[in-house]
Amino acid sequence: MSRSLADAAAEAAICTRCRLAEGRTQVVFGTGSPDADLLFIGEGPGFHEDRLGEPFVGAAGQLLNRMLGEIGLDRADVYIANVVKCRPPGNRDPEPDEIEACTPWLVEQISLIQPQVIVTLGNFATKFVLNTSTGITRLRGQIHRWHGRTVIPTFHPAAILHGGGERSPQVAALREDFGLVRRTLADAAEHPAAGSGAAPIEAGVERPAPGETPRIVPGVSDAPATDPDQMELF
């Protein structure tokens, strides 16, 4: 029997792969439709997310919900996840070993959901996914190809709120990026062959056993890979 997103969430709920498990209230695996065409990836849970077990539930989540509504979508239509599933102490950035321990959960989420468009929210998630040191200000508002999918980076809603909220010029940029998301989804629906080019597991790479998660190096582009760990696994 094939593994479901709910199966993965149940296993992640008792994960102790890294030190973040010691201080969490609960694992914040993700929320939304398991068949979503649109996946959002943030950095990690904050205080409220850790308590409620759902990503983006505070003021940043309300802004995200509003932006979704402006393009005719609801939270139930998309899937929302983070790079790490447990809250780092004091909301610090996750450490490299914590990211490495948590990456298989994100890989499995992408593999099971099979989204057409991935939106990375903020500097951290964008640099992680695209494997770049370029900042979000330069990357936002553009389409990036990654493992046969479309990645659209944009500002993190929390950063906009901290930078002045509705008075911030970043709000207009965020709205522009969501307009790009809407157009990209519409184009994929109109031309499904062009919008469903998720790269398969490359020949010669051992497929994972049932229940196992494939290992990848995050941020690998569509360029030919020379390291077996960097093959297309989605």
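The values are calculated or read from the model by the stated rules, or taken from the named source; none is laboratory data. Because the structure is a prediction, the values reported are computed rather than measured. For neighbour counting, all protein chains shown are included, and Cβ atoms are generated from backbone atoms with ideal geometry for every residue, glycine included. Accessible surface is based on the protein model in full, side chains and every heavy atom, while ligands, DNA and RNA are left aside. Shrake-Rupley method; radii C 1.70, N 1.55, O 1.52, S 1.80 Å.
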Test each condition in (1) within 28 Å of V171 (Cβ to Cβ); (2) open to solvent by less than 60 Å² (accessible area, probe 1.4 Å); (3) out of contact with any strand residue (DSSP E or B) (no Cβ under 8 Å at 6 or more places or on another chain) for R24 and report the one that comes out false. (1)
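Quick one: would you say D177 is in contact with a strand residue (DSSP E or B) (Cβ under 6 Å, 6 or more places away or on another chain), modelled with pLDDT under 90 and surrounded by 13 or more Cβ atoms within 10 Å (Cβ to Cβ)? I'd like the intermediate steps shown before the answer.
Values: in contact with a strand residue (DSSP E or B) (Cβ under 6 Å, 6 or more places away or on another chain): yes; modelled with pLDDT under 90: no; surrounded by 13 or more Cβ atoms within 10 Å (Cβ to Cβ): yes.
Taking the combined requirement at face value, the residue does not satisfy it.
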Considering each of F29, F56 in turn, give the residue that is of a type in the set (A, V, I, L, M, F, W, C) and closer than 23 Å to Q170 by Cβ. F56
Yes/no for G204 being open to solvent by 20 Å² or more (accessible area, probe 1.4 Å), at pLDDT below 90 and in contact with a Pro (Cβ under 9 Å, 6 or more places away or on another chain): yes
With the requirement that a residue be open to solvent by 10 Å² or more (accessible area, probe 1.4 Å), at pLDDT 95 or above and β-branched (V, I, T), what does region 54-112 give you? I71, I99, T103
The lone condition F124 fails out of (1) touching an Asp or Glu at 6+ places or on another chain (Cβ under 6 Å); (2) surrounded by fewer than 20 Cβ atoms within 10 Å (Cβ to Cβ) is (2)
Considering residues of region 1-21 that are farther than 22 Å from D97 by Cα and either buried (at least 17 other Cβ atoms within 10 Å of the Cβ) or of a type in the set (S, T, Y) (or both) only, the residue modelled with the lowest pLDDT: S2
Which of the residues spanning region 13-32 are under 16 Å from the mean Cα position of the chain (by Cα), touching a residue at least 60 places away in the same chain (Cβ under 8 Å) and at negative phi? F29
